[in-house]
Amino acid sequence: MPPPNKAALHLPRPAPIARQRLADEADALHASKYGAEPAPHSWDIGQELESEQTFRRAGLGTDILSKLRRGHWSVQAELDLHGMVTHEAHDALADFLFAARQQGLRCVRVIHGKGLTSPNREPVLKGKARRWLAHWDDVLAYVEAPQHAGGGGALLVLLRGK
């Protein structure tokens with residue numbers, strides 16, 4: 001076959017991605033955020049950095065929060081609010097809490113997410129879910145979940161018994 005009558009274009013290769021440099025920068029950012037020590041992986045008493053991380057209904061002992069953190073009550077149900085807008089999340093949370101109370105559940109997990117995919121990477125449902133829970137009379141207490149159970153993106157909620 002005769003050679004084609006076309007010019008061979010040699011496009012330049014794309015620039016390489018400096019993956020190690022990106023990983024180093026991510027490590028440096030993590031170290032600047034949490035210090036030289038690794039991020040906490042479990043709860044200790046007094047570890048709350050913000051007052052909104054925990055809630056305890058008036059009249060309950062302070063040991064309720066540490067018992068809830070340490071898994072004294074096993075999680076019996078879970079609700080995931082990822083991908084919901086505010087009004088959908090509020091309705092889903094109300095329905096979930098009502099159903100949990102009807103079933104006699106005591107401890108549930110509410111996953112609100114950390115807001116990593118939200119505009120400006122700020123959590124929208126995190127603060128709202130905590131305020132909503134504090135206003136429900138059936139909610140006795142809540143704590144931020146331990147790292148292995150959702151960390152800052154989830155809450156362990158203690159409900160009033162039947």
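Computed from the coordinates by the stated procedures, all read-outs in this text should not be read as laboratory data. These numbers come from a predicted model, not from an experiment. Every residue, glycine as well, gets a Cβ built from its backbone with ideal geometry; the counts of neighbours run over all protein chains shown.
Key figures
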| quantity | calculated |
| --- | --- |
| Net lengthening on full extension, Asp137/Ala18 (0.36 nm per residue, minus Cα-Cα) | 37.5 nm |
| Whole-number D in µm²/s for the range 54-159 (Stokes-Einstein; Kirkwood sum over Cα pairs; 37 °C, 0.692 mPa s) | 238 µm²/s |
| Bridge type composition, the range 54-159 - antiparallel percent by DSSP, nearest 5 | 75 percent |
| Net +/- balance of residues flanking Ile111 in space, Cβ distance below 12 Å, scoring K and R +1, D and E -1 | 0 |
| Theoretical gain in end-to-end length, Ala149 to His82 [0.36 nm per residue, Cα-Cα removed] | 22.6 nm |
| In sequence order, calculated HN-Hα J values of the range 4-13 (Karplus, 6.51, -1.76, 1.60; Hz; x Gly/Pro) | x, 8, 10, 7, 8, 8, 10, 6, x, 5 |
| Sequence-distant residues sharing a close amide H with Cys107 (under 5 Å, placed H) | Gln76, Leu159 |
